1. Test of understanding: among 105, 117, 99, which residue is surrounded by 13 or more Cβ atoms within 10 Å (Cβ to Cβ) and more than 17 Å from residue 60 (Cβ to Cβ)?
2. Can you run down the residue pairs with Cβ atoms below 6 Å, 6 or more apart or on separate chains, where the first is in segment 118-129 and under 12 Å from residue 82 (Cβ atoms) and the partner is at pLDDT below 90 and surrounded by 15 or more Cβ atoms within 10 Å (Cβ to Cβ)?
3. If we scan segment 91-105, do we find a residue that is assigned to a loop (DSSP other than H, G, I, E, B) and either modelled with pLDDT of 90 or more or closer than 30 Å to residue 17 by Cα (or both)?
4. Give me a count of the residues in segment 74-96 that are under 30 Å from residue 26 (Cα atoms) and in contact with a strand residue (DSSP E or B) (Cβ under 7 Å, 6 or more places away or on another chain).
5. Being at pLDDT 75 or above and more than 30 Å from residue 86 (Cβ to Cβ) is the requirement here; does residue 40 meet it?
C-alpha cells in the first residue's frame, strides 16, 4: 500500500467517495446533499454578531457565522461563542443573545444552528439544554505528541 498526497487527478474519486459517505449519513437525517467537484461557487461565510449592554457597558456577546457548505442542502449557522460577564450571569442574558442570533439566521434562510460545547462546560450544557439544543453527533479528538 502506498499513501501519498492527493493530486488534481484524484478529485473525481474524492468527490465520488465523499458522496458515498454522504449517502451513508442520510440514514441519520436527510440534511446532506451531493458534493460537487467545482466548489468555486460556494458562497463565503457571513458573520453574525450581537452584544448585550447595560447602559454603555458591554456585558456579553454572541457570535457565529452562516456558512454555505458544499455538502448541505441549505445554509447552516454555526454558533461560535456566547459570553456574559460573570456578574451578569443567570439573568437570562445569554439566552436572550442566543434567541436574537437564532432569529437573525432564520431570517437569512437558515433552519439549523450547530455548535460545539465542551462536555465539561456544565453552564454551557445547561444553556443549550434549556434552549432546546439536542446532541446529534459526537465529536472526538486525540492528542498527538
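The values are calculated or read from the model by the stated rules, or taken from the named source; none is laboratory data. It should be emphasised that the depicted structure is a prediction, and the values quoted were computed from it without experimental measurement. Glycine also receives a Cβ, built like all others from the backbone with ideal geometry; neighbour counts cover every protein chain displayed.
1. Going through 105, 117, 99 in turn, just one is surrounded by 13 or more Cβ atoms within 10 Å (Cβ to Cβ) and more than 17 Å from residue 60 (Cβ to Cβ): 105.
2. Pairs found: 124/117; 128/117.
3. yes
4. Number satisfying all stated conditions: 7.
5. Considered against the rule, which asks whether it is at pLDDT 75 or above and more than 30 Å from residue 86 (Cβ to Cβ), residue 40 comes out as no.
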